[in-house]
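For reference, the structure discussed in these notes is given below.
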Amino acid sequence: MKTNHYSRLFKWTAKFLKYFLLGIFASAIACILFMGFGAVNFVTALLLFAGNWFYKLGIILLCLMTITVILESLR
């Protein structure tokens, strides 16, 4: 019986990716609902604010995934 012994960095990166994608999905659903109720101005402000944060978090996640791949391949 073989168990997977992933590093803490790998587990942390996977969890960060999961919640990042969940946040993007939830934001997309919220934007669709707000557009359906006619709150176009609110959606525009939300996209300007949240889009900037998702962009920055996406870059951090990409760097974290790169570091994780390099460190896991050296193990």
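Touching a helix residue (DSSP H, G or I) at 6+ places or on another chain (Cβ under 7 Å) and either surrounded by 11 or more Cβ atoms within 10 Å (Cβ to Cβ) or not β-branched (Val, Ile, Thr) (or both), is that true of Leu22? For Leu22, the condition - touching a helix residue (DSSP H, G or I) at 6+ places or on another chain (Cβ under 7 Å) and either surrounded by 11 or more Cβ atoms within 10 Å (Cβ to Cβ) or not β-branched (Val, Ile, Thr) (or both) - is not met. Would you check if there is a residue in segment 27-49 being within 10 Å of the chain's Cα centre (by Cα), surrounded by 10 or more Cβ atoms within 10 Å (Cβ to Cβ) and of a type in the set (Val, Ile, Thr)? Scanning segment 27-49, I find no residue that is within 10 Å of the chain's Cα centre (by Cα), surrounded by 10 or more Cβ atoms within 10 Å (Cβ to Cβ) and of a type in the set (Val, Ile, Thr), so the answer is no. Of the residues in segment 10-18, at least one is touching a residue at least 24 places away in the same chain (Cβ under 8 Å) and either outside any helix (DSSP H, G or I) or in contact with an Asp or Glu (Cβ under 8 Å, 6 or more places away or on another chain) (or both).
No lab work stands behind these numbers, since they all come straight from the coordinates. All of these numbers come straight from a predicted model, not from anything done at the bench. Note that we place each Cβ from the backbone using ideal geometry, even for glycine, and neighbour counts take in every protein chain shown.
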